[in-house]
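Worksheet for the structure shown next.
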Amino acid sequence: MKLSKTYNPKKVEDKIYRVWEKSGFFNPDKLPTAKKKKIKKFVVAIAPPNITGSLHMGHALENTLVDILVRKKRMKGEKVLWLPGTDHAGIATQNVVEKELKQQNKTRFDLGREKFIKKIWQWKEKYGNIILDQLKKLGCSCDWSRTRFTMDRNYVKAVEQAFLHYYKKGWIYQGKRPINWCSRCQTSLSDLELEYEEKKGKLWYIKYKLKAQSAKRKADYLVVATTRPETMLGDTAVAVNPKDKRYKNLIGQKIILPIVNREIPIVVDKLVDPKFGTGAVKVTPAHDLKDYEISINHKLPLVQVIDEKGKISKAAPLSFRGLKTLKAREEIIKKLKKLNLLEKEKNHNLAIPKCYRCNTIVEIIPSKQWFLKMEKLAEKAKNAVKEKKVKIYPKNFEKIYFDWLKNIKDWCISRQIWWGHQIPIWYCENSEQKIKNTTSKMGFAGDVVPQVFDNKTQTYRLRNHGLKVGEKVAFENSITGEIFGTAIITEIQKTTVGKIDLKDKKHWKTYKKLEELITAFKRHHPEKEVNTDTLVWIYTYRFESECLPIVDDKYALKKCPSCNKGKLRQETDVLDTWFSSALWPFVILGWPKKTRGLKEFYPNHFISSDRSIVNLWIARMIFSGLEFMKTAPFKTAYIHATILTKTGQRMSKSLGTGIDPLELIEKYGSDATRFGLTWQTTGVQDIRFEENNIVMGKKFCNKIWNATRFVLQQTANSKLKAQSSKLQFKVQNLTKADKKILKSLEETIKSVEKDLENFRFGQAAQNLYHFFWHDFCDIYIEKSKSQKEKENTKKILLYVLLTSLKLLHPFMPFITEEIYQRLPLKRKKRFLMVETWPKL
RNA sequence: GGACGAUUAGCUCAGUGGAAGAGCGCGUCGCUUACAUCGACGAGGUCGCAGGUUCAAAUCCUGCAUCGUCCACCA
C-alpha cells in the first residue's frame, strides 16, 4: 500500500487504538512474556480523575508522561500494569449535580438524600467515564479490564474495612471543635481544601472598658485590635502575652465586652504575639483556632455567634441576629463609633480563606465531627521517606511533605454532604427515640441538656430535670465535645447552682440552645449579677444511648444486637473524599481480599501527581499503604510540572484561560500533542504552554512519515527482509556516513535510556528529535542517495528507521505503530507496542 | 514572617567550571530520486544587577532586584 504524501492522524489514531485494545496487551496477563517466572514488573496506579472532570492540560501531561514510562517498560519485556479508574470526588460532584438541579429551581433538599444520590449515580453513569475515553484518545495504555471507581461495590466495602480497622485501634473519635465550614456546601473542610485570597482589609482598634478602674492607669479601657470585629460578640476573654509589661497589672482583672456587656477575664497566654496590634487580643474560642487553644488552656467557655449558614446566631444580641458576617461587621463598627469605642482603624492586608470548590468565604465554627488520630500514621509516613522506601521526585517536595507531617493535626474525616462513603457507624433507633422522649419532656431538643458546673466545688450537678434514678447519662464538655464520663443516675438533687435559680421550670423550657442560657438568665433576672466566680462554666450532659454504636460487619443485622429490638440507623455524615483515595493503590488490586492481583502487583512502582496534592493524596496513600499493607504503596512518586498559560497565568476554565487538550488532539493529532507537551517537560518548574511546540510535534510526525516513505521506496522492490530487530548488514563495508549514523544511533539509545530513567522527559524527546531529523534525515538519508553499496545502505536505512520507531514509540505511539505495521519485516508480525526495546 | 525555585536569542526553554544552545519566529536562496508541515545558508544574546572565589564563571559564593510556588500567620 502506498503512503499518502502527508501524515493524517485522524485516519490512524482511533484505528490503532482499537487494534491495541483487541490485542489484549494492555493487560499484563496477556503479554507475550507474561508466563515467565522471573520477570520484572512495573505497576502504576493512575491518579484517578474526578468523574466531573474533562481532560485538562494537567491530566494530559501527567498521563502522557506515565504512558511513556509504561510503554518503554513494556517494550523492555517487563510485566506492565497501569491501573485506571475514577474518583467520586464528593463535594465537586455533588456541586455539579446540584447546579443541574438549580436550573430546575430545585435543591437537593427537595429531592431528599436517597433520590439525590440516585440522581448523582445516574449522572455518573452518563458522564462519569467520559474522561477515561479521553485518556484513550491520548493513547494511554491502561488495563481497562481492571478499571475501578472509588465508590464501586467492593470499594465501599474496603473503605468500611479501613474505617473499622482504625476504629478498633481507637484512632477514630468524635469531637466538637472549631473547624473550617463552608456555609454554601454546608460541610466541613480540611485545611488543605482552603484557598486563600489576598485582600486589603482593615484592622480595627476597639476599646474594651475595664471593670475596675486602676489608679495607676490613666485610661479606664484596654484597646484590642481585630480584623474581624463581628466575632467580638463571641469573645470570652482578652489575652495578653505573659512577658508584656504594659498589661502586667491588669492580669486577672475583668473587662466589659462592649455591646454585649458581658464580663470577661483578662488572661495571659504565650500564644499571643505582643508585637501585633496593641498586644492585647480578643479571644473568640468558637471562631478562631488559636483562640480555641487559648480557651482550652484557660478553661474559657465557648460562645458560638456564627451559625452554619454564616449568619449571626441567637447567642448574639438581638439586633445582630440573622445578619451575614460582613453585614454584621458593618453594623458593629457603626455601633462602636456611636459608643465612641472605636479608637482607630488601620489598613491591613489579610488572606481570606475560601472554599476551594465553590469560592465561598470559609468560616470557622464549632461543630461535631469525626477525627482520625494522626500521630502514629504521620510517624510511619515520615520514616518511609526518610528511609528512602519511597522517593519523592523531585526531592524538594520531600520538604513540603515533612513540613506537613511535622505539624500535623488530627484529620477531620467527616463531611456533611450526601455524596460519598457514608460513615459506617450504626445507631440503635430505639435507644435514640427513648432519649428524645425524655429530653423533649424536659423542654430540650435533641439529646443534649444544659448542665451547670459549679466552679467553686468543681462538680457537676444534676438538677430537677425529670430523670429517674437508674437512668444512664453521659457528660459532654461543650467546649471540646469530649465525653468525660458516663453515669447512672443514683440521686436527684434539687438545688440552685451559683446564682442562677433554675428551679423554675418555665424558664427551662425556653432554653432551646445552650448558648442562650446566660443571656436568658440575664433577661429574666436583670437585677442579679452573673458572676464568673460562681457561675461560668456551662456544660451539657448528654444521654448516652443504651445501645452502643455499631462499627462492624454486623450492621447487616436488621436489629440492634444490644437490645435486640431497635432498628439500626447509619451515621449521616460521609467521609472526606481523600479517605477513600488514600486507599487507592491497594484497593484497586482487590484489598481487603487477599487476591492474586494484590500479591502480584503490590506495591506499585510509580505514581505521578500534581504538586498541589502531595499532602492531600500522596502522603495519605503512603501511610495508608504502610498501615494496611505493611509496605509503602509505591517506590517513586513523581511530581510533574504545572502547566500555565503563555503569560504565566493558571489555566482555569472559569477565567477562560484554559486550553483544551482535546482540541489540540483534534487539530494536530494525539502524537503531536504528546510530543509537544513532553518537549516542554524539561524540568519540574511551571511550564508556560507554547502551542507552537505542538505544531512542531505535528511537523515531526510528518517528517517521520516521509522518511518512512523514502525508506519504503528504497526497499520496496528489494528482496530485503529484516531478520530480527538487529538487521544484518555487512560491517566490513561500512562507509564513513554509515559509521557515523550508527554511532549516533547508539548514543541516542543510551541518552534516551538514561534520560527516561531520570525522568528527563523533555531532554529525551529533544535528543530523539535531533537525531531523527538532522542526523538521520538531513544527513544520512541525503548521503544514502549517492552511496554505492546499495544493499547495505538499504539495510542500514531500514535498521535505523526501525530502531528509531522503537525509541519514539513511547512518545508517539500511534504513528510509530502505524508505520511499523507497514515495514517489510520477515518475522511474524506483532505490535511495535510489544517489540523489543533497542539494546546496545 | 520562613523555605524553595526562576531570571539565558523576539517567544517558550535547555545548558551547573573549560569556545553561548534548541524549537518556534525572523532574513536570503532553493520544489534537487521522502517531506515546501521541506532543504541550504544566515542574522540575533556584555546569560537580571553588583561584588567575590578561580588560570578560567551562565555555571560556585555573597548581597540586591523582580517574578513564582509552598508553609506559617492573618487576634
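Rule-based calculations on the coordinates, nothing more; no lab input. In this text the structure is predicted, and so the values were computed from the model without any measurement. Ideal geometry is used to build each Cβ from the backbone, glycine not excepted, and the neighbour counts take in all protein chains shown.
Each of A:Thr278, A:Ile256, A:Ala316 was placed along the dipole of the range A:255-340 (beta-carbon charges, centred on the mean Cα), and the one lying farthest toward the positive end is A:Ala316. Summarising the label geometry, the points placed 7 Å from Cα in the beta-carbon direction at A:Lys37 and A:Thr6 lie 5.6 nm from one another. Projecting the Cα atoms of A:Thr52, A:Pro28, A:Gly77 onto the charge dipole of the range A:1-146, computed from C-beta unit charges around the Cα centre, puts A:Gly77 farthest toward the positive end. Taking amide hydrogens as placed 1.01 Å from N in the peptide plane, the amide H of A:Lys209 sits under 5 Å from those of A:Leu222, A:Ile256, each at least 5 positions away in sequence or on another chain. Our coupling estimate for the range A:796-804, obtained by passing each phi through the Karplus curve with A = 6.51, B = -1.76, C = 1.60 and θ = phi - 60°, is 5, 3, 5, 4, 5, 4, 4, 5, 4 Hz, Gly and Pro reported as x. Convert each backbone phi in the range A:224-239 into a coupling constant with the Karplus relation 6.51 cos²θ - 1.76 cosθ + 1.60 (shift: θ = phi - 60°), then list the ³J(HN,Hα) values in order as whole Hz, x for Gly and Pro. Per-residue couplings from phi come out as 10, 10, 8, 9, 10, x, 5, 6, 4, 4, x, 5, 10, 5, 10, 10 Hz.
Pairs from the table (A:Lys22/A:Lys136; A:Lys698/A:Lys743; A:Lys275/A:Lys299; A:Lys270/A:Lys299; A:Lys382/A:Lys406; A:Lys736/A:Lys795) lying more than 19 angstrom apart at Cα are A:Lys698/A:Lys743; A:Lys275/A:Lys299. Given R₀ = 56 Å, what would the calculated FRET efficiency be for A:Ala716 paired with A:Lys599, taking r from the Cβ atoms and rounding to 0.05? Plugging the Cβ-Cβ distance into 1/(1 + (r/R0)^6) gives 0.65.
Put a plus charge on the Cβ of each Lys and Arg, a minus charge on the Cβ of each Asp and Glu, and nothing anywhere else: the dipole of the range A:733-816 about its Cα centre is then about 320 debye. If R0 is 30 Å, the Cβ-Cβ spacing of A:Asn359 and A:Gln685 corresponds to a FRET efficiency of close to 0.65.
Would you calculate the convex hull of the Cα atoms in the range A:66-211 and tell me its volume per residue in Å³?
Dividing the Cα hull volume of the range A:66-211 by its residue count gives 292 Å³.
Taking amide H positions as modeled 1.01 Å from N, with prolines and chain starts lacking one, the residues under 5 Å from A:His88 and 5 or more places away or on another chain are A:Thr150, A:Met151. Computed about the Cα centre, the dipole magnitude for the range A:21-150 is approximately 760 debye when only Lys and Arg (+1) and Asp and Glu (-1) carry charge, each at its Cβ. Site pair A:Thr107 and A:Lys324 shows an inter-label distance of 1.4 nm when each label is modelled 7 Å from Cα along Cα→Cβ. With the simple model of a label 7 Å out from the Cα in the direction of the Cβ, A:Gln253 to A:Lys630 spans 6.5 nm. Rounded to the nearest whole Hz, the Karplus-based 3J(HN,Hα) values (6.51 cos²θ - 1.76 cosθ + 1.60, θ = phi - 60°) of the range A:9-23 follow the sequence x, 5, 7, 10, 4, 4, 4, 4, 4, 4, 5, 4, 4, 5, 5, with x at glycine and proline. Near A:Thr636, the amide H atoms lying under 5 Å from its own belong to A:Lys391, A:Phe606, A:Ile607; only residues 5 or more places off or on other chains count, and H is placed 1.01 Å from N. The length gained by stretching the chain between A:Leu271 and A:Lys754 to full extension, at 0.36 nm per residue less their Cα-Cα distance, is 168.7 nm.
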